[in-house]
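The values are calculated or read from the model by the stated rules, or taken from the named source; none is laboratory data. Not measured: the values here are computed from a predicted model. Every residue, glycine among them, receives a Cβ derived from its backbone with ideal geometry; neighbour counts consider all protein chains shown.
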Amino acid sequence: MLEQQDFANDSSRLLSYAQLCNVFYERELRLLTACDYKPDMLKKRLNSLPFYIKRAAESLLSLENPLSLDTQNGTWSAKQKRKSPTEKITIEMNQKWLTDYAQVGLIVPVVIIEHGHCHFRLDCIDLIKEGRIRLNEHGWFTFDGQQLSDTPKPHKAIYKATREVMTAAACGHQWIGTDTTFPRTLTLRELLLTTVINWTNLNKPMLLAH
């Protein structure tokens, strides 16, 4: 992780850092204005923003990964596949991958499909219990990747974390039917998750320095 003085000694990095912080603030404030938070919750959210925004900006600039960073828009970019990379992955492949590698802390891609619209959300395993997997944001799933939910729509499923799938998830790639469409903007939480993807071994969580 780059320290504050490292940014000060590198004008290009300092500019990139400022661009990322600005775009993250604009994005998060816009999201907060659209939410109906009570005053106490809104105050709590606003007070926590500087910490998470600085952390995200520093982490994104410090990473070495196969993606390109667009500092003006605060996004990762890579060439999008014509079809969703999940089309190459079967339920059996998902089940074998999750059976072999599911563990607390592993970053996984969740495919979300509704009305022919397909995109990914990054999430993290936080509990494995009684043959089920719980994700931090999206809840409980079976070991073949299917969500355990009373509401069948939108369809959500964990998929094997291949390089193509994780690239699509980190870049916000989307498809409508058989056509590509504009990438979606990742939330600040998802961007922070992209900084702990273990690109050298997607089957294991990244070892973090304490």
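In table form, for the structure just shown:
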item: Scan of region 40-79 for residues that are surrounded by 13 or more Cβ atoms within 10 Å (Cβ to Cβ), of a type in the set (D, E, K, R) and either at positive phi or assigned to a helix (DSSP H, G or I) (or both), ordered by number; result: Arg45, Lys54, Arg55, Glu58
item: Flag if Leu193 is under 15 Å from the mean Cα position of the chain (by Cα) and either assigned to a loop (DSSP other than H, G, I, E, B) or at positive phi (or both); result: no
item: Test: residue in region 143-151 that is in a loop (DSSP other than H, G, I, E, B) and in contact with a His (Cβ under 8 Å, 6 or more places away or on another chain); result: no
item: Members of region 144-160 that are under 21 Å from Pro85 (Cβ atoms) and without any contact (Cβ under 8 Å) to a residue 60 or more places away in the chain; result: Asp144, Gly145, Gln146, Gln147, Pro154, His155, Lys156
item: Per-region count, region 80-93, residues surrounded by fewer than 21 Cβ atoms within 10 Å (Cβ to Cβ), in contact with a strand residue (DSSP E or B) (Cβ under 9 Å, 6 or more places away or on another chain) and not β-branched (Val, Ile, Thr); result: 4
item: Considering residues of region 169-186 that are among the aliphatic types (A, V, I, L, M) and touching a strand residue (DSSP E or B) at 6+ places or on another chain (Cβ under 6 Å) only, the residue farthest from His117 (Cα to Cα); result: Ala170
item: Within region 158-189, tally of residues that are in a helix (DSSP H, G or I) and at pLDDT 95 or above; result: 9
item: Selection within region 158-188 - surrounded by fewer than 19 Cβ atoms within 10 Å (Cβ to Cβ) and closer than 18 Å to Met93 by Cβ; result: Thr162, Arg163, Glu164
item: Test: residue in region 36-52 that is touching a residue at least 60 places away in the same chain (Cβ under 8 Å) and not charged (D, E, K, R); result: yes
item: Among the residues listed as Tyr52, Tyr101, the single one being under 17 Å from the mean Cα position of the chain (by Cα) and of a type in the set (Ser, Thr, Tyr); result: Tyr52
item: Number of the condition not met by Thr86 [criteria: (1) at pLDDT 95 or above; (2) touching a Cys at 6+ places or on another chain (Cβ under 9 Å)]; result: (1)
item: Flag if Thr200 is part of a loop (DSSP other than H, G, I, E, B), of a type in the set (Ser, Thr, Tyr) and in contact with a helix residue (DSSP H, G or I) (Cβ under 8 Å, 6 or more places away or on another chain); result: no
item: Test: residue in region 106-120 that is outside any strand (DSSP E or B), surrounded by 14 or more Cβ atoms within 10 Å (Cβ to Cβ) and either without any contact (Cβ under 8 Å) to a residue 60 or more places away in the chain or not polar (S, T, N, Q) (or both); result: yes
